[in-house]
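Take a look at the structure set out below.
Bear in mind that the values in this text are calculations on the coordinates, not laboratory data. This structure is a prediction, so every number in the text was calculated from the model and none was measured. Counting neighbours? That spans all protein chains shown, and the Cβs are built from the backbone with ideal geometry, glycine included.
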Amino acid sequence: MNKKELVEAIVSEKNLSHISKKDADSFINAYHEIIKKTVKKGDDVSLVGFGTFTKIKRAARAGVNPATGEKIKIKAKTLPKFRPGKAWKEMF
């Protein structure tokens, strides 16, 4: 499902039929931006029943270039991470 299909699914829900596609799209954009800004500054976003968005630090490490076999240094970096909630895990 892409973003356009998600917007259409939201406006076709019985309880949300009064919401326009434009409003649903604006909501999704705001939702993503708020999560990105919050996680970037170091806070977690926990949505009960869905999961938690968090920021992790990956340490520098040694690696190997698969094409040449040459040893390389991989720099430390900070990445976003999503941990699904219990209810979401149990669906599968």
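Taking 19 Å as the cut-off for C-alpha to C-alpha distance, list the pairs among Lys41/Lys75; Lys3/Lys36; Lys4/Lys41; Lys41/Lys77 that go past it. Where the Cα-Cα span goes over 19 Å, the pairs concerned are Lys41/Lys75; Lys4/Lys41. Counted residue by residue at 0.36 nm each, then reduced by the alpha carbon distance between them, the extension gain from Arg58 to Lys3 reaches 16.8 nm. Think of the chain as having a plus end and a minus end, set by charges on the Cβ of Lys, Arg, Asp and Glu; of Asn65, Ile28, Val48, Asn65 sits farthest toward the positive end of this dipole. Convex hull volume of the C-alpha atoms in the range 1-41, normalised per residue: 69 Å³.
Given a Förster radius of 35 Å and the C-beta distance between Lys73 and Tyr31 as r, what FRET efficiency does 1/(1 + (r/R0)^6) yield to the nearest 0.05? Let's see the in-between values first.
Working: r = 37 Å, r/R0 = 1.07.
Computed FRET efficiency for Lys73 and Tyr31 comes out at 0.40.
On a C-alpha basis, how far is the centre of the range 68-92 from the centre of the range 1-51 in Å? Whole number, if you could? When both Cα centres are located, 23 Å separates them. Between Thr54, Thr38, Thr78, the Gaussian network model of the chain with springs among Cα atoms under 10 angstrom shows the greatest mean-square fluctuation at Thr78.
Taking the chain as the reference, fit the longest principal axis to its C-alpha atoms, fit the long axis of helix 3-12 to the helix C-alpha atoms, and give the angle between the two in degrees, 0 to 90, nearest 10. For helix 3-12, the angle is close to 30 degrees. In a simple Cβ point-charge model (Lys, Arg +1; Asp, Glu -1; nothing else charged), the range 1-41 has a dipole of about 300 debye relative to its Cα centre.
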